[in-house]
Structures are given as C-alpha cells and as structure tokens.
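Taking it in order: structure first as structure tokens, then the write-up.
Coordinate-derived values only; no laboratory data. As the structure is a prediction and not an experimental result, all values here were calculated from the model. Quick reminder, even Gly has a Cβ in these numbers, built from the backbone with ideal geometry, and neighbours come from all protein chains shown.
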Amino acid sequence: TRKEEEEAIRRSNAAEQDDLRSLRKYSRQEYLKKREEKKLEELRDDIEDEQYLFDGVKLSEVEQRELRHKKELYELIKKRSEEADNVNEYRMPDAYDQEGGVNQEKRFSVAMQRYRDTNAEEKMNPFAEQEAWEEHQIGKATLKYGSKNKKLASDDYQFVFEDQIDFIKASVMDGDKFDNDEMADSIEKSKAKSAAEALQEERKKLPIYTYRDELLQAVHDHQVLVIVGETGSGKTTQIPQYLHEAGYTKHGMIACTQPRRVAAMSVAARVAHELGVKLGHEVGYSIRFEDCTSDKTILKYMTDGMLLREFLGEPDLASYSVVMVDEAHERTLSTDILFALVKDISRFRPDLKLLISSATLDAEKFSDYFDSAPIFKIPGRRYPVEIHFTKAPEADYLDAAIVTALQIHVTQPPGDILIFLTGQEEIETAEEILKHRTRGLGTKIAELIICPIYANLPTELQAKIFEPTPEGARKVVLATNIAETSLTIDGIKYVIDPGFVKMKSYNPKTGMESLLVSPISKASAMQRAGRSGRTGPGKCFRLYTAYNFQNDLDDNTVPEIQRTNLTNVVLTLKSLGIHDLLHFEFMDPPPAEALLKALELLFALSALNKLGELTKVGRRMAEFPLDPMLSKMIVVSEKYKCSEDIISIAAMLSIGNSIFYRPKDKQVHADNARLNFHTGNVGDHMALLKVYNSWKETNYSTQWCYENYIQVRSMKRARDIRDQLAGLLERVEIELTTNPNDLDAIKKSITSGFFPHSSKLQKNGSYRTLKHGQTVHIHPSSGLAQVLPKWVVYHELVLTTKEYMRQITELKAEWLLEIAPHYYQLKD
Ligand code: ADP
Ligand code: MG
C-alpha cells in the first residue's frame, strides 16, 4: 500500500551514502525532494541529539558554533523547500512516452521559439561598433604590412619573402588604462629574489589580486557567483587558492572544472608549484583514465566530464565545499549538464559554494540561469591590439600561417608568436615545415623556438610552452583552440588566426557524428586577437578578409549540446534518476530529435526498457566512462566469455589512431610490420587485440615496439586504460574470461555494441549503412581495405574526401537478427 511504500522510502532515506544510489530510480523531482527531506532529517536528528546529550552541560565554543550552523542550515533548507513546494516548476508530466509525441513536440518547439527569440534580442551585436570602425578603416586602408612592392627593412631577409601575404590593418581593439611599466618593473625586481618569493610576487601582480578580499566577501555572501574576467587575469590558478586560504577546504575539497584535459593537468601543475607542494598531493587533477589525486587533495582540477561522473557515485557531491565551473563560456556538453546538476544540489546544500567563471560576456545569461546570481567582474588588464586582415582570401591557411610567422619573425620587434591550428596533425606538419624553412638560414635570422601544444602531447613537452624565451630568440607556439582561453602563455605579442577550429557536428537524422574543420565565430576571433595584448600592445593577423569576418562568421559558437550525439549524456542522466529529459532544465535545450535519437539508441542497446527506464545492462554500462556502444560491447562480453579480450580491444580503440608509427623513410617496412597483425584477414579489431597480446607476451617490451613500428607511449596508455577497465569489470561483477580462439565470440561482442554501425557491400565496392542507407567506404588504412567483406561493422566514421569507416570487422548477417532483431528487419 501507499503507506508502506512511504515508510520504505523514509527508511531508505535515513540510510547512509551508499543508499543514495537507490534513490536514482525516482524521477528528478522525487529525487530532489527526498534528498532534501533526508538532509533535513539528518540535521534535525543531529540538533536534537546534541541538545539532548548536552542538556545542562555547557557546550564548548566550537560545539556551539557547529550547532548554530546546523540550525541555520536546517532553517534555510526548510524555507527553500517550502518555497519550492509552491512553485510548479517541477510538476510536469513525467515519462516522455506516456504522452502523445505531438504534444511533446509542440512543447519543445515553444521552448525552441523562446530560445530563438532571446537570441534575436541578443542580436545587439557586441562587436557592432568594432565592425563599423573596421569598415571605415578598410575603406581608407592606409597601412600595408609586408607588401610585395615595398622595399623591405633589410635586404638580407628578402629570400624569406619569395611568397608573402598582403595584410590590411583594419582596426585597433582598445586596451584598458593602467600603468604600463608597473608590471615590467616588478618582474625586473623579482628576478633578484629567491624563486619561491618571486613566484609569490608574480601571483600578486595578477589582475585578480587587487580584488581578492572583495571576491572572498562576495563568495561568503552568495551561494552562487558568476565571475567574469579576461583570460590570464588569474581566475583558474588563483581563486581556488584564495578560497583555500580563506578556509573553504576545511569541510571539503574545492573542485575546478576545465573543458580540456591538457588545461586541467597544466593548471594543476602550476598551482602545485605555486603552493610548493607535489602534484597529486594537496593539489591534484582528475581526467578520464588518469586520477592524479590522493587523500590529501584539497584543490582538485578536473575535466567537466569527470565531475559529471562523480555525480554517479556521490549525487550530492558531499566531499566538496566549492565547485567552480570554469571556462563556462565554452559551453561544452558536460559543462551544460553540470549547470543543471549543480543548480539542483545547491537547493539542499546551502553550504556548497558555486562559482561559474567565464572569459566572455555571456555572464548575464549565466546569471539569469542561476536565479539572478550576482556577477563579479574582474577588470581586465589589456593592451590595445592591432587587427590585420588579408587582402584576399587565402587558399591554404596552413601555408599562409607559416609564411606570416616567418614574415613576423624577420620584420617585427621582439615578442612571441601564437598560431591557432586545428589539430595535432596540422601542428606537426606546421612544425616540420617551419623547421625545414628556417634550417638553411643559420645565423641570418634569429633563433625561432617552435613549441607545439595539443591534447595528446606528452606532459613533459607541455611545460615547454611556458618556459621564458631566451634573449635574442623568438618563440612560436603552435596551438589548438586550447590557447584561446584555457591556457595563457606570457610574452605573446603576435597572434596568427587562420579562422578555423575542429568542431563536432552531428546529424540527428542519421545519428552520424563527425569532426569537421569549421570557421570560428566572431566571439572566438576576438578572444584569439586578445591573446596578443596581455603583456604589451599586440598585433593579430587574421588569415581571412574583413569581408569574411563580417559575413561568414557566426556571432557566437553554437553550444555543443546542440550539435552532438547525446547518447552518453542521456545514459548518465538516466542513471542519476533523471527521467524527464524533455523538461530537464537545460540552459539551451538540445534538438528534440537528438534526444529522441539517443533514447532510441539506448533502447536498441537494451540500456533502457520500453518505458525509457534504465535496465540492469544500462546500469552496468553507465559505470564505464566510454561511449555507450563500447560499454555495451564490454558488458555483453560476459555472455560470450571473452571479457579480457574485449577490454583489450576497447582500450586500444580508446587510444585512437596513434598506435602505428610510419616514419617517412621507412614506410614500406612499417606497412609490412603492420600487415603481420592482419594475417588471415581477421579485421582491424582483432589486429588491435593481436598487437596488444603480442606486446604483453614480450613483457611489454619497448624494443618490440620499435621493431614493429608501434608507438610505445600509446601502448602504455592502452595498458593503463585496460587496467582501469578491468577494475570496472570487477565493480559490475563481470568475471575476467578469455576466449582468444573463438573469433566469432569476440566478433559477436563487438557486433552487440556496434550493430547500429553495420554496412553492406555494394556492387561498386562502396558500402551502404544498413540503417540509413548512407554511402561509406573502407578507410585505406584498414586491413580489410582490399578484402571487401560483404557485411562489416565499423567503429567510427571519418569524413575527409569521402565518408570513411575506420576500424572494421566482418560480421555475418544472421548475427544481426540474433543480436538486434528489434533494430533490423533484414530483407535479404
Ligand atoms: P585565467 O584563468 O583568468 O585565464 P590563469 O589563472 O590561468 O588565468 O593564469 C594566470 C597566470 O598564470 C597567467 O599569467 C599564466 O601565464 C600563468 N600560468 C598559468 N598556468 C601556467 C603554467 N603551467 N606555467 C606557467 N605559468 C602559468
Ligand atoms: Mg582560466
């Protein structure tokens, strides 16, 4: 009966942290309500206990304070809870499939319309003034930079300019007024001091330092605070330290989230250094597959995705006293989801401080979302930046970037260069070309130090970008978008902006996702330019025309949630007990289609049942920090008795494409070595397994890797990941079993996860995806590229000149009927 049910719920609420997991089966509003009740009950018990035990006994001051604190909390939560009861916010119909689809659609389109309307209002373009300026300036373009028909400063350098690019100076981005020499002075002075002292001096020179006390006061006064400040003002490295100094780490850790792994690692390293502690002790970081923290950790830098996962184990983030969602303007998928979750828990954790920090002007939007949270602005310290556009569009931006860098190097006064490129491959190419072009020049030009930075760069090399440039030399940093706001490199005076970024795009109709090199937004372009004006007046060279800027670039980047596959997020939310996704409080809702697609796929993978509820399989899948299709492949390996083999494959797939090494002068050798693993046309997944197992047999030998043209660094990473997956298998109680001789068992496991990626050979040698009839091709690097099996299942699609399937295994058509009869009804 109802009464009994309620009693059961009450009892489970009183239970310890572990039992919180059981709460996840409730809908979001029930869940929150129960969390609140639980907290109230705890507090009431505590208060009563203490009053009873100490009745008549004089409490110590600390005890009194503690008791007072608890009473305050109790009142606060109670008041909020009553207020919340009077709001209809959470009273919407629950399961999305209980209501007619039409109605849902309609509600969604209303929300969408509202979103568009707000956007329309925002058409108050913040750059309007700037653009007008530019137009005016372009009209009377006066200053030409490095123009062909101009005599160069020195004839010595003419050889560099066989090809060169014409720029037009378009405008100047104003800086802020402050004492220019102050900083240079202090840096000079600090040189004489000990390194540790100098470091502390440096901290005090950051713009944020002046506002330290005000900031702490604001944090004290408000539960949620939006913080806005220029990149490099010290938000990420200083705020957590200030909070620690002010005592916020006494009752829990401080979490600071970053959208990028490299940023989390690099910033944690910096802060550990500033505090004079070993990285991983008091200051640590946590990124997927790498936890560099310990029991001592009080400042924890982490990717936004990792904090999201922590909600699974600790739905109220009880171990944290402060959560700082940093780089909020990036609006990554995980950050957007975090917004909603932290907002939720702040209701019953009034002691939890929330900081939302951002480098740009979206502050109002964040503030609105967090119930008009106050905005704390840290005035920037920015010098003016001259903006130059190319006269004509550049066909090859990579080449143009290199030519521009060399032009700057030989004609411009000292100051480092930052080039924004789209990814590792491009950065490596640029590095090679730059080295090649400067090599022959010897002492004719000053030394050019080339520093790449991208996500997979080994940690030891990452630190190099921060090393001060020696006198007489110039540094050129080749960076991905990570240098736009996440990392600040001191000494940059020149920015080269080709105007592109690698971005995920998703087609909800077909469920296909690809990484595409796309034009950046105007907001991004302004951020990039700003990077050159941090320590002195700067120059930004845009490798596109002012017309392009004006007409081809969007004002702002579309939030990731609106252009990505949501399967993973939906699975996470479902495991958190959040059922009603269509009414989840997204800052910007994702397309309804994308949500439905995700639900459909999770249903096909048996992670959800017909009612959209999490199944046992789904619950197990959610434990793995992987794409749901990979998780499913792992979970199902229990059935096929090959879990050991499958996690090796999953670990190797997670490494991406950096396993085989193909030096330019030994390509034939490398290709032959690679073919060895494909004997018998076993397919790419099995080849990866063979690589892993062979390496393991040699006792993880480095020598073996060299001999087989395999990157030992990638293999070690795969081993780490595999170890963690093995640990997670234990957690979900799946035995380690191996079945290396039953090829079909392994292939069936793969198919069970990846059947939505099946395709069939066509007469012309191309393939058609089974579900959506899209034409795709086998990637030339696949071991099956010459074999062309009739049916294949692929790991991922990459779009280059064609839509290619990468990592392929052959399958038998009847497996699809066996494994996914509800997904495919095959005709032939
Ligand atoms: P914000 O978060 O406001 O953009 P940060 O706190 O990241 O600013 O940076 C403050 C200062 O710390 C900058 O001057 C930056 O150069 C310096 N810094 C950050 N990380 C490192 C690092 N790994 N090595 C050296 N300096 C760093
Ligand atoms: Mg930062």
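In the distance distribution for the stretch 399-554, Cα-Cα pairs more than 18 Å apart total 59 percent.
The equivalent ellipsoid that matches the C-alpha gyration tensor of the stretch 184-287 spans semi-axes of 22, 18, 14 angstrom, in descending order. For the pair the stretch 446-505 and the stretch 313-328, the centres of their Cα atoms are 30 angstrom apart.
Amide H contacts under 5 Å for Leu799: Leu515, Tyr804, restricted to partners 5 or more places along the chain or on a different chain, H placed in the peptide plane at 1.01 Å from N. The share of Cα pairs per 5 Å bin across the stretch 586-737, counted from zero up to the longest distance, runs 2, 9, 16, 17, 16, 13, 10, 8, 6, 3, 1, 0 percent. Look at the dipole of the stretch 341-400 built from charges on Cβ: of Thr360, Ser372, Phe348, the Cα furthest out on the positive end belongs to Phe348. Using the Cβ of Leu816 as centre and a radius below 11 Å, the other residues enclosed give a net charge of +2, where K and R count +1 and D and E count -1. Dividing the convex hull volume of the alpha carbon atoms of the stretch 306-390 by its residue count gives 133 Å³ per residue. In plain terms, the C-alpha convex hull of the stretch 761-828 casts an average shadow of 4.7 nm² when viewed from every direction.
Ranked by the mean number of other Cβ atoms within 10 Å per residue, highest first, peptides 268-280, 529-541, 691-703 order as 529-541, 268-280, 691-703.
Semi-axes of the equivalent ellipsoid for the stretch 551-591, computed as √(5λ) from the eigenvalues of its C-alpha gyration tensor and ordered from largest down, come to 26, 11, 6 Å. Of all DSSP bridge pairs formed entirely within the stretch 394-535, close to 35 percent run antiparallel. Solvent-free Debye calculation, one equal scatterer per alpha-carbon of the stretch 456-534: log10 I(q)/I(0) at 0.22 Å⁻¹ equals -1.10.
The order of the peptides 67-75, 677-685 by mean Cβ neighbours within 10 Å, most packed first, is 677-685, 67-75. Hydrodynamic analysis of the stretch 621-673 uses the Kirkwood radius over alpha carbon pairs. Inserted into Stokes-Einstein at 4 °C and 1.567 mPa s, it gives a translational diffusion coefficient of 100 µm²/s. Evaluating kT/(6 pi eta Rh) at 10 °C and 1.306 mPa s, with the Kirkwood radius of the stretch 691-754 over Cα pairs in the Stokes-Einstein relation, gives 117 µm² s⁻¹. Highest mean packing first, where packing is the average number of other Cβ atoms within 10 Å per residue, the peptides 229-240, 591-602 line up as 229-240, 591-602. The DSSP beta bridges internal to the stretch 461-607 are antiparallel in roughly 65% of cases.
The coefficient of translational diffusion for the stretch 323-482, derived via Stokes-Einstein from the alpha carbon Kirkwood radius under 37 °C and 0.692 mPa s, stands at 171 µm²/s.
Every pair of different Cα atoms in the stretch 594-658 enters the Kirkwood calculation, which places the hydrodynamic radius at 12.4 Å. All alpha carbon pair distances within the stretch 230-353 were sorted into 5 Å bins beginning at 0; the resulting P(r) in whole percents reads 2, 12, 23, 27, 21, 12, 3, 0. Dipole check for the stretch 305-353: with +1 at the C-beta of Lys and Arg, -1 at the C-beta of Asp and Glu, and the Cα centre as origin, the magnitude is about 140 Debye. Here the scattering of the stretch 691-828 is modelled by Debye summation over its C-alpha atoms, one equal scatterer each and no solvent; at q = 0.13, 0.15, 0.18, 0.19 Å⁻¹ the log10 of I(q)/I(0) is -0.73, -0.93, -1.15, -1.19.
With 20 Å as the limit, write out which pairs from Lys641/Lys748; Lys509/Lys574; Lys235/Lys296 have Cα-Cα distances beyond it, or answer none. From the list (Lys641/Lys748; Lys509/Lys574; Lys235/Lys296), the Cα-Cα distance tops 20 Å for Lys509/Lys574; Lys235/Lys296.
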